[in-house]
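Asks: Take a look at this one; I'll ask things after.
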Amino acid sequence: MQLRPATLDDAAAIRAIYNVEVETSTATFDLVARSLDEQRAWLAARSGAFAAIVAVAGDAVIGFASLSPYKERAAYRTTVEDSVYVDRAHHGHGVGRALLGYVVDVTAASGIHTVMARIEAGGTASRALHAACGFDLVGVEREVGRKFNRWLDVAVMQRLLQSGPRRGATA
């Protein structure tokens, strides 16, 4: 398996992995599958610290990860949110851990302070992956999403990357 930055040529493979989750799971709260043009636009918007990374085995993309700004307000600029998706045929083989480890290393090197993960609370595999990569559960948002005619909770996990003064500390 090789990890590398995603290119526009990866759009169809990323779309295929993502749309399975859109249509059949609560791993994403998107309700409508992406078109190829939408996936290309999503990839084109990914650059610098927010680039998408793919895991490739042979010639096949078997997973991808990306980082997004956590919130738009300037005070949040050193916080990012991760996304990791793995082709179901490759679950349980370390692909997700490799992708998440890679994006965490990249963010730590770029001066990002913390990485957030917002995971559907029933997503035990994703929660376990994040815990294995040093994320802590910091809260649960109750019934904030609705998909497949049911209310969904979101587990919020966090990994601090840079140490510094804590809230209330004096310099």
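Asks: Scanning for something of a type in the set (S, T, N, Q), surrounded by 12 or more Cβ atoms within 10 Å (Cβ to Cβ) and either touching a residue at least 40 places away in the same chain (Cβ under 8 Å) or assigned to a helix (DSSP H, G or I) (or both), does segment 20-27 turn up at least one residue?
Replies: Yes, some residue in segment 20-27 is of a type in the set (S, T, N, Q), surrounded by 12 or more Cβ atoms within 10 Å (Cβ to Cβ) and either touching a residue at least 40 places away in the same chain (Cβ under 8 Å) or assigned to a helix (DSSP H, G or I) (or both).
Asks: Let me ask something additional. Scan segment 85-104 for residues that are assigned to a helix (DSSP H, G or I) and more than 14 Å from the chain's Cα centre (by Cα) and jot them down. Steps first, answer last, please.
Replies: Restricting attention to segment 85-104, the residues satisfying the condition of being assigned to a helix (DSSP H, G or I) are 88-90, 95-104.
Residues satisfying the conditions are Arg88, Ala89, His90.
Asks: Working only within segment 116-152, note down all residues that are in contact with a Gly (Cβ under 9 Å, 6 or more places away or on another chain) and either crowded, with 16+ Cβ neighbours inside 10 Å or under 22 Å from Gly63 (Cβ atoms) (or both).
Replies: Glu120, Ala125, Ser126, Leu129, Cys133, Leu152
Asks: Filter segment 45-78 down to the residues that are of a type in the set (Phe, Trp, Tyr) and under 16 Å from the mean Cα position of the chain (by Cα) and list them by number.
Replies: Phe50, Phe64, Tyr70
Asks: Cβ contacts < 8 Å: first residue touching a residue at least 40 places away in the same chain (Cβ under 8 Å) and buried (at least 22 other Cβ atoms within 10 Å of the Cβ), restricted to segment 97-113; second residue assigned to a helix (DSSP H, G or I) and not aromatic (Phe, Trp, Tyr), any location; separation 6+ or different chain. Result?
Replies: Thr107/Ala49
Asks: Would you mind stating whether Val138 is within 29 Å of Met1 (Cβ to Cβ), β-branched (Val, Ile, Thr) and either touching an Asp or Glu at 6+ places or on another chain (Cβ under 6 Å) or assigned to a strand (DSSP E or B) (or both)?
Replies: no
Asks: Give me a count of the residues in segment 46-80 that are buried (at least 16 other Cβ atoms within 10 Å of the Cβ) and either in a strand (DSSP E or B) or at pLDDT 95 or above (or both).
Replies: Matching residues across segment 46-80 total 14.
The values are calculated or read from the model by the stated rules, or taken from the named source; none is laboratory data. This structure is a prediction, so every number in the text was calculated from the model and none was measured. Positions of Cβ are generated from backbone atoms using ideal geometry, with glycine treated the same way; all protein chains shown enter the neighbour counts.
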